[in-house]
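Written out below as structure tokens is the structure these notes cover.
The values are calculated or read from the model by the stated rules, or taken from the named source; none is laboratory data. Owing to the predicted nature of the structure, the values given are computational and were not obtained by experimental measurement. All Cβ positions, glycine included, derive from the backbone under ideal geometry; neighbour counts span all protein chains shown.
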Amino acid sequence: MVLEQLEMGSDADRFVRQLYDWNQYAAAYSAAEGRYRGAIQVTEEMEIILLAMLAERRWDLITATRRRVVDALSLFPTEMANRFLEAASLAEVFSIIDEIETAEEFFLSWKELFTRSTRTNIVNNAELEQIRVPDSVVGWTCANVLKRLTVEDHQQAILRSFLKDADRTVCWRIVHVMGAFPGEANAEQLFAVFDSDSYHWIRYGAIRSLVEIAALANARLRSKIFSKLANNIDKLASDERILDEFERVIFIDKARAPRHWTRDVNRVLKALLNQTPHVEGRAHWERLAYRLYQEYES
């Protein structure tokens with residue numbers, strides 16, 4: 001509805017950028033709905049950016065994320081959306097973007113950042129700073145790009161240091177990146193954020209990244225993460241949205257699931273069941289455990 005009231009592309013793009021910092025799906029859905037009705041002025045370049053950033057996550061570790069981005073892409077009534085939806089790889093997504101002819105500087109700058117892995121996987125320290133850029137599209141693109149590149153241990157420490165004085169949105173981006181790099185220091189920082197940060201969405205991102213680290217880590221760290229979550233189950237159970245996110249993210253790409261994934265996750269599910277007093281609630285956790293077993297042990 002807001003987008004329908006904006007008559008200039010620059011205003012529509014600015015609104016989408018503001019919205020993206022809070023929820024990329026909300027930005028995509030609003031643009032898709034408006035495009036379907038033929039009633040919005042979002043520029044072609046901004047729409048392509050939205051589509052490409054959704055398409056990248058078709059290969060996400062979390063299966064719920066994959067389904068959600070496919071649903072979002074399917075809403076756009078355009079040939080470009082279909083091409084991103086049918087792309088067989090991220091490299092093919094890059095190729096589609098390379099075909100776009102435009103003189104818009106903001107798009108060309110974004111394109112250079114988004115396709116970063118086509119040149120070298122090594123990140124330099126100056127590039128880390130882009131995660132702190134106020135512009136939501138640049139900041140979140142940087143976060144997603146860093147997750148697929150090689151960020152050295154000392155650079156991960158730099159990112160963790162940014163948490164001390166960054167605003168809430170930047171902290172959320174950093175927490176998002178940390179999930180791609182399984183290590184003790186990142187896990188400890190994520191637990192610190194989850195336990196004490198006052199901003200809901202940072203804690204929300206932290207629980208997702210903790211599960212990501214557990215999926216990518218060695219057996220010892222994976223066991224440590226799930227044991228710590230189980231031992232602090234009241235904290236996890238106290239926030240319904242974060243608990244819902246935990247339920248979603250434990251279902252990861254089956255091809256990348258580590259051995260004994262079901263056993264490790266079940267430590268938390270058992271703790272949730274044991275602290276649930278009502279029969280209906282306990283049955284919910286039993287069903288979730290059975291669904292997990294069917295997915296990874298069949």
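Yes/no per residue for (1) under 24 Å from Leu51 (Cβ atoms); (2) not polar (S, T, N, Q):
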| site | (1), (2) |
| --- | --- |
| Ile131 | yes, yes |
| Gly139 | yes, yes |
| Gln155 | no, no |
| Asp165 | no, yes |
| His176 | yes, yes |
| Phe181 | no, yes |
| Leu190 | no, yes |
| Asp195 | no, yes |
| Ser198 | no, no |
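Based on this model, can you work out whether Ser89 counts as closer than 18 Å to Arg58 by Cα and surrounded by fewer than 11 Cβ atoms within 10 Å (Cβ to Cβ)?
Details: closer than 18 Å to Arg58 by Cα: yes; surrounded by fewer than 11 Cβ atoms within 10 Å (Cβ to Cβ): yes.
Here the answer is yes, as Ser89 does meet what is asked.
Within region 148-178, the set of residues being farther than 20 Å from Val137 by Cα and either of a type in the set (Lys, Arg) or under 19 Å from the mean Cα position of the chain (by Cα) (or both) comprises Thr150, Val151, Gln156, Arg160, Lys164.
Can you say whether Ala206 is more than 29 Å from Arg168 (Cα to Cα), of a type outside the set (Lys, Arg) and in a helix (DSSP H, G or I), as far as the supplied structure shows? Answer is no for this residue. Comparison of Leu61, Leu50 shows that the only residue that is of a type outside the set (Ser, Thr, Tyr), touching a strand residue (DSSP E or B) at 6+ places or on another chain (Cβ under 9 Å), surrounded by 16 or more Cβ atoms within 10 Å (Cβ to Cβ) and at pLDDT 90 or above is Leu61. Out of Leu61, Leu19, Leu54, report the one residue that is touching a Gly at 6+ places or on another chain (Cβ under 9 Å), closer than 18 Å to Gly205 by Cα and aliphatic (A, V, I, L, M). Every option except Leu61 fails the conditions.
Residues in region 9-42 that are at pLDDT 85 or above and β-branched (Val, Ile, Thr): Val16 only. Pairs meeting the criteria (first residue in region 239-261 and not assigned by TED's automatic domain parsing to the domain that holds Thr65, second residue part of a loop (DSSP other than H, G, I, E, B) and not basic (Lys, Arg), beta carbons under 6 Å, at least 6 apart or on different chains) are Ile252/Leu61; Asp253/Leu61.
Only a single criterion out of (1) under 23 Å from the mean Cα position of the chain (by Cα); (2) over 30 Å from Asp165 (Cα atoms) is not satisfied by Asn274, namely (1). Does region 18-38 contain any residue that is assigned to a helix (DSSP H, G or I), farther than 22 Å from Arg67 by Cβ, free of Cβ contacts under 8 Å to residues at least 12 places away in the same chain and out of contact with any Asp or Glu (no Cβ under 6 Å at 6 or more places or on another chain)? No; the residues of region 18-38 include none that is assigned to a helix (DSSP H, G or I), farther than 22 Å from Arg67 by Cβ, free of Cβ contacts under 8 Å to residues at least 12 places away in the same chain and out of contact with any Asp or Glu (no Cβ under 6 Å at 6 or more places or on another chain).
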